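Okay, structure first, notes after.
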Amino acid sequence: ATWHGREAGGVWTEAGSGSVTVCRAGCGWGLGLHPDGLEGPAKREGDGRSPAGVFPIGAAFGAAPALDTGLAYRPLDGDDWCIDVPASPLYNRTVNRRDVGAAAVVGSTEPMRRDLAPTADGQYAIGFMIGHNPRGTAGMGSCIFGHIVAGPGVPTSGCTGFTERDLRTLLAW
């Protein structure tokens, strides 16, 4: 894949290239900057699809106190969660348990410091927010990120996965 970004003058320029990994069931149209109602499957919570479309890019995040990136950066701790429970008023929001209370994260399966979770991995050691479903419409998919891929040929759970090298290059751009 080739990554493009829009400069201040509105011109798309190449930012880099590398491989990306999507979800096991491919892609479905997400809720973003593109028109609604496009032909093909729509992204839903738990459908095994990554969202397709055009989305704003949000803040970068990671386990380290700082990261080489042109994006705003959010260092994470063990109390940061993304809420993937459709009935929650915090659905599709990344929150800190100290701010919202322990009850608010009950049932969520998205600890943002995955390296500290019982099934520890480094997939969220660095990443960035993808602005899919910004209004948090229940059941339309949540917690979509660009993050480190689990391994060669291993699909994501709905996000877009990059090698750590490619992701660091992209974030530094």
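Residues in segment 93-123 that are within 22 Å of residue 140 (Cα to Cα) and either open to solvent by 40 Å² or more (accessible area, probe 1.4 Å) or not β-branched (Val, Ile, Thr) (or both): 93, 104, 106, 107, 108, 109, 110, 111, 112. When segment 13-41 is filtered for residues that are out of contact with any Phe, Trp or Tyr (no Cβ under 8 Å at 6 or more places or on another chain), among the hydrophobic types (A, V, I, L, M, F, W, C) and surrounded by fewer than 17 Cβ atoms within 10 Å (Cβ to Cβ), only 25 remains. Of everything listed in (1) touching a Gly at 6+ places or on another chain (Cβ under 8 Å); (2) under 21 Å from residue 31 (Cα atoms); (3) open to solvent by 30 Å² or more (accessible area, probe 1.4 Å); (4) of a type outside the set (D, E, K, R), the single unmet condition for residue 87 is (1).
Looking only at segment 5-54, count how many residues are within 20 Å of the chain's Cα centre (by Cα) and within 26 Å of residue 85 (Cβ to Cβ). Result for segment 5-54: 26.
In segment 43-83, of all residues being of a type in the set (D, E, K, R) and surrounded by fewer than 20 Cβ atoms within 10 Å (Cβ to Cβ), the one that is farthest from residue 139 (Cα to Cα) corresponds to 68. Here is a check on your reading of the model: is residue 32 free of Cβ contacts under 8 Å to residues at least 24 places away in the same chain, over 19 Å from residue 155 (Cβ atoms) and not aromatic (Phe, Trp, Tyr)? Spelling it out, it is not the case that residue 32 is free of Cβ contacts under 8 Å to residues at least 24 places away in the same chain, over 19 Å from residue 155 (Cβ atoms) and not aromatic (Phe, Trp, Tyr). For segment 153-168, a residue qualifies if it is open to solvent by less than 40 Å² (accessible area, probe 1.4 Å) and either part of a loop (DSSP other than H, G, I, E, B) or not hydrophobic (A, V, I, L, M, F, W, C) (or both), and the qualifying residues are 156, 158, 159, 160, 161, 166.
Against the criterion of being outside any loop (DSSP other than H, G, I, E, B) and either open to solvent by less than 40 Å² (accessible area, probe 1.4 Å) or not charged (D, E, K, R) (or both), residue 10 does not qualify. Looking at 138, 150, just one residue is open to solvent by 60 Å² or more (accessible area, probe 1.4 Å), modelled with pLDDT of 95 or more, in a loop (DSSP other than H, G, I, E, B) and under 25 Å from residue 32 (Cβ atoms), and that residue is 138.
The values are calculated or read from the model by the stated rules, or taken from the named source; none is laboratory data. Every value quoted in this text rests on a predicted model; they were computed, and no experiment measured them. Please note: Cβ atoms are built from the backbone with ideal geometry, for glycine as well, and neighbour counts cover all protein chains shown. Quick note on the areas: whole protein, heavy atoms, side chains included, nothing else; ligands and nucleic acids left out. Shrake-Rupley method; radii C 1.70, N 1.55, O 1.52, S 1.80 Å.
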